[in-house]
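Here is the structure we will look at.
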Amino acid sequence: MLLTASALNGGTLRRRMLRMFTRRMLIFLLAGLSTTAGMAQSARMVEPFLPSTASAWKPFANSPTVKSTTDGIAFPLPFAKPFLPFSAERDRVAWDKAVSFNLAPPIAFELDLFCAHPDSMRKFGLYFKSGNGWYVANKALTHAGRQTLTFSKSDFSIEGEVAGWNQIDGIRISPWRGTLLRNTELILHRLSTLEGQSVVLVRGTSSCPDDGARMVAAKTTERISRLLIEAGIGHALLTDDDLFKGLPSTATLVLLPYNPNPTAAQFSALQAFLQRGGKLGVFYGSSPALAAAMGFKLGSYVKADRPDVWRAIAFEDPSAWGLAPRIWQKSLNLFTISPSTPDSRTIAWWQDARGARRPEAAIVFSPKGFWMSHILLSDDQASKRDMLVSLCAHLDPSLWIPAAQRAIRQAGRINDFTSLSQAVAELQRRIPEAANPAAVQALLGEVSDLAARIPAAMTSGHPAEALQMARRQRQCLLRADAAVQRPKPGEFVGIWDHDGTGFIPGDWPATAALLAKRGVNALFPNVAWGGCAHYPSKFLPASQTFRLYGDQIAAALEAAKANRQQLHAWIVLWKLDGAPADFIERMKKEGRLQVTASGATRPWLSPHHPANRALMLNVIEEIAQLYPQLDGIHLDYVRLPDSLSCYASTTRARFELATGRKVVHWPADVQRNGPRNADFRRWRTEEITSFVAEARARLRSAVANMKLSAAVYGAVAPDGGNIAQYWPEWLRRNLVDFLTPMNYTESSAEFSSWLHTQTRFPQAEGRLIPGIGVTADESRLDPAQVARQIMLARQAGCPGVMLFSLTGTLRDETLPILCNGILRPLP
């Protein structure tokens, strides 16, 4: 139902819309009750937090007593000030309950809770006691109000000696005090599991040729497991070495995230599984026999000769699979695969950076399963989650039900909204703030119409259709949420480009123009590393990017200025990614690489070596002199990687010279618990700070008005911590014009807490531009989450934001939504 803009000024039609939506939601919820049987196969209650059981929760270490509420148990958080029983090192409260559980089957746990002031809590700790140890996981609350925290089994670390997940005899709840000191309470409603035995993931172990491959297998398996958890699909985890026992009789679908060379026994187990009607999903396999058993023909290993060859997966018929037109993935190598039987076919192809179809198949499909020609990488995770659901559910249709139920439940849960009805009501109220009220009203009208149709799809046995409608509801709400938020005149909106080539290598004008239309006014392309450069440098070897596409600073600068955008040259210090092998070998021979305590070298230049410091300073000066029209130089990795290095002889000599004392036992005396550790940590940090000071002086000498900025960690330690970075000192000494703390988190509460701390450092006012992790490893944000963090940055007084990073997801999904509201370009 569409309403005219004039009708929106009155309240009558708005109230009518809400009443109609409420009725439809009631029908929707009632219908949902009739479909919970499918979900019961994948969920089990662990702790209902019944008010009558409050006394079973015993305070730990003088924590306050819990109390009953109408629908849960309230855990008091007396965090207004440090309380006497706890020292600064034990800033938490905790409660224990004795239980007796076998928690081996679940793959994840979901905790339903409420907290009005999550910024008073740094992390929420969930502990399971087992034997003489604990399984421990900590997470930040996402926002104020009711929410669900999901803990994957892989989130848990081990303290002490555990007896196993099958022997759990206690639960501990342990919130940690945050940076904003205030009293509040945490109301817990239910703790349930996500589990299932029909889908099995097999982590590669003995099928992998070496430790490096096994590490890739572990990470890839965890990635796919998390995506399935997010989609509401429970599953079991095995390893290659479990296959000799045979696959569980309950298994219908087995996924091989990266199991390249199954042994004869493993192949026999997989073949037997196929023969009894099981289905397989294989990623980047290299077994011709397994491919043939599924109706495919394995080709050969191929490697891209340039980085723009395989950039996306495009299905032949995306609508039939319920997927986006393109699923972004930047692969540099493949193991080609093709159909070999009449009932097998190619369902998706690779595309290059310009969107042209490549001849290589991305995914082939048969009645026995699917096969992807590479592993599933970490980019475009939301689209890959949807792709996994579709592929798996086409092989096991029962999976549509839990996936649809999860999508229905999540449709309205954007930012602080806890339900579809709340989201619609609040967005309806804010319609007058939108630049195009009629468009927002149409989106909300579509949400309401879908709410009436989804129950019928579920009850009539069409969960796949319900899933698509719930996804569409969420998209409508994301668009409406962005549209009712206003842009801020003069706001700095920057974007990091990790590749340094724009969206399409060789076409900076297209990238700059598109970003300008979508509200981005500052570009930060990565143009140099510790061992290569994307421009003609006298000091660094030419990168492959420079050899293929030419001078990226010159191309980006011309395009940015044509679109009235700032351009800051992003330099990654010390790190040698992309450096030629002969350069790295020369650095090793000259003793310029970082060295561990055991004497092993790392592919990082040591910031303590004078020649390395001179190299990086020369690069900074060179870029400024070659491109004086640049708005700034942006430094990254202005730090050490961790505490494992550097313990080279040059480091020792410089430390002893600076402190005037010899180190008797090197490196033991300067490592943790060593007598010189504190001195060494302070010295490392001052070394980094002094480099920033030198960079400031060299840049001012080269081009006086060119800005110097740096990407920094959000959290800081007074001695610089393991990474030797204490950036508040850079601000205090005016060594930088601005900093971009990388506040990558999916929690708006955590983002706000970090800003609260950061903006209170001396000289921080107006000089912090927080980084938002749209597609970072640490966070994946939908447009509503990005908009929320932009608003929090504004409230903290920040002059703008930085977005990480320039990806297809940002281009096609995030910016098109945000530029209609909060990032709408102003005249």
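The values are calculated or read from the model by the stated rules, or taken from the named source; none is laboratory data. Bear in mind that the values here come from a model prediction, so they are computed numbers and not experimental data. Please note: Cβ atoms are built from the backbone with ideal geometry, for glycine as well, and neighbour counts cover all protein chains shown. Only protein heavy atoms, including side chains, enter the accessible area calculation; ligands, DNA and RNA are left aside. Shrake-Rupley method; radii C 1.70, N 1.55, O 1.52, S 1.80 Å.
Results, tabulated for the structure shown:
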item	result
Selected residue [touching a Phe, Trp or Tyr at 6+ places or on another chain (Cβ under 8 Å) and either farther than 28 Å from residue 344 by Cα or at pLDDT 95 or above (or both)] from 399, 391, 450	391
Residues of region 492-511 classified as aliphatic (A, V, I, L, M) and assigned to a helix (DSSP H, G or I), total	1
Qualifying positions in region 707-733 - open to solvent by 10 Å² or more (accessible area, probe 1.4 Å) and outside any helix (DSSP H, G or I)	707, 713, 714, 715, 716, 717, 718, 719, 726, 733
Conditions (1) surrounded by fewer than 24 Cβ atoms within 10 Å (Cβ to Cβ); (2) within 19 Å of residue 519 (Cα to Cα); number of the one not met by residue 798	(1)
Residue among 348, 324 that alone is open to solvent by less than 10 Å² (accessible area, probe 1.4 Å), in contact (Cβ under 8 Å) with a residue 24 or more places away in the chain and either within 19 Å of residue 812 (Cβ to Cβ) or in a helix (DSSP H, G or I) (or both)	348
Breaking point among (1) over 16 Å from residue 172 (Cα atoms); (2) open to solvent by 40 Å² or more (accessible area, probe 1.4 Å); (3) modelled with pLDDT of 90 or more, for residue 100	(1)
Region 700-714: number of residues that are in contact with a helix residue (DSSP H, G or I) (Cβ under 6 Å, 6 or more places away or on another chain) and either small (Gly, Ala, Ser) or within 17 Å of residue 625 (Cα to Cα) (or both)	5
Top-ranked residue of region 458-477 - restricted to ones that are in contact with a helix residue (DSSP H, G or I) (Cβ under 8 Å, 6 or more places away or on another chain) and without any contact (Cβ under 8 Å) to a residue 40 or more places away in the chain, ranked as least open to solvent (accessible area, probe 1.4 Å)	476
Wholly enclosed helices (runs of 4 or more DSSP H) of region 746-827 bearing at least 3 residues within 18 Å of the chain's Cα centre (by Cα)	748-758, 783-795
Positions within region 525-569 being in contact with a Gly (Cβ under 7 Å, 6 or more places away or on another chain) and part of a strand (DSSP E or B), in sequence order	525, 526, 527, 568
Single residue of region 621-661 satisfying the filter (without any contact (Cβ under 8 Å) to a residue 40 or more places away in the chain and in a loop (DSSP other than H, G, I, E, B)) that is most open to solvent (accessible area, probe 1.4 Å)	661
Selected residue (only one of 262, 307 is part of a loop (DSSP other than H, G, I, E, B), surrounded by fewer than 20 Cβ atoms within 10 Å (Cβ to Cβ) and not hydrophobic (A, V, I, L, M, F, W, C))	307
Every residue from region 278-304 that is polar (S, T, N, Q) and surrounded by fewer than 18 Cβ atoms within 10 Å (Cβ to Cβ)	286, 300
Criterion violated by residue 616 - all others in (1) out of contact with any Pro (no Cβ under 7 Å at 6 or more places or on another chain); (2) more than 19 Å from residue 725 (Cα to Cα) satisfied	(2)
All positions within region 570-607 that are crowded, with 24+ Cβ neighbours inside 10 Å and assigned to a loop (DSSP other than H, G, I, E, B)	573, 574, 606, 607
Hits in region 478-529 (condition: farther than 24 Å from residue 542 by Cβ, polar (S, T, N, Q) and surrounded by 21 or more Cβ atoms within 10 Å (Cβ to Cβ))	485
Every residue from region 750-794 that is without any contact (Cβ under 8 Å) to a residue 40 or more places away in the chain and out of contact with any strand residue (DSSP E or B) (no Cβ under 7 Å at 6 or more places or on another chain)	760, 761, 762, 763, 764, 765, 766, 778
Pick from region 214-230, criterion open to solvent by 10 Å² or more (accessible area, probe 1.4 Å) and out of contact with any Leu (no Cβ under 7 Å at 6 or more places or on another chain), ranking: nearest to residue 471 (Cα to Cα)	230
Evaluation of residue 182 against (1) within 30 Å of residue 278 (Cα to Cα); (2) out of contact with any strand residue (DSSP E or B) (no Cβ under 7 Å at 6 or more places or on another chain); (3) of a type outside the set (Asp, Glu) (one fails), failing number	(1)
Evaluation of residue 384 against (1) part of a helix (DSSP H, G or I); (2) within 16 Å of residue 317 (Cβ to Cβ) (one fails), failing number	(2)
Failed item in (1) in contact with a helix residue (DSSP H, G or I) (Cβ under 9 Å, 6 or more places away or on another chain); (2) assigned to a helix (DSSP H, G or I), with residue 313 passing the rest	(2)
Filter result for residue 705 (more than 31 Å from the chain's Cα centre (by Cα) and modelled with pLDDT of 95 or more)	yes
Residue within region 374-385 that is of a type in the set (Gly, Ala, Ser) and crowded, with 23+ Cβ neighbours inside 10 Å present	no
Index of the failed condition, residue 119 passing every other in (1) closer than 27 Å to residue 165 by Cα; (2) in a helix (DSSP H, G or I)	(1)
Residue match in region 387-394 (condition: open to solvent by 20 Å² or more (accessible area, probe 1.4 Å) and over 23 Å from the mean Cα position of the chain (by Cα))	yes
Complete set of residues in region 527-565 that are closer than 15 Å to residue 623 by Cβ and of a type in the set (S, T, N, Q)	537, 543, 552
Selection within region 356-376 - of a type in the set (A, V, I, L, M, F, W, C) and either outside any loop (DSSP other than H, G, I, E, B) or touching a residue at least 60 places away in the same chain (Cβ under 8 Å) (or both)	361, 362, 363, 364, 365, 370, 371, 372, 375, 376
Filter pass, residue 160 being surrounded by fewer than 18 Cβ atoms within 10 Å (Cβ to Cβ) and within 22 Å of residue 53 (Cα to Cα)	no
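Residue by residue, here is whether (1) outside any loop (DSSP other than H, G, I, E, B); (2) of a type in the set (Ser, Thr, Tyr); (3) touching a helix residue (DSSP H, G or I) at 6+ places or on another chain (Cβ under 8 Å); (4) open to solvent by 30 Å² or more (accessible area, probe 1.4 Å) holds:
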site: 179; (1), (2), (3), (4): no, yes, yes, yes
site: 233; (1), (2), (3), (4): no, no, yes, no
site: 242; (1), (2), (3), (4): yes, no, no, yes
site: 272; (1), (2), (3), (4): yes, no, no, yes
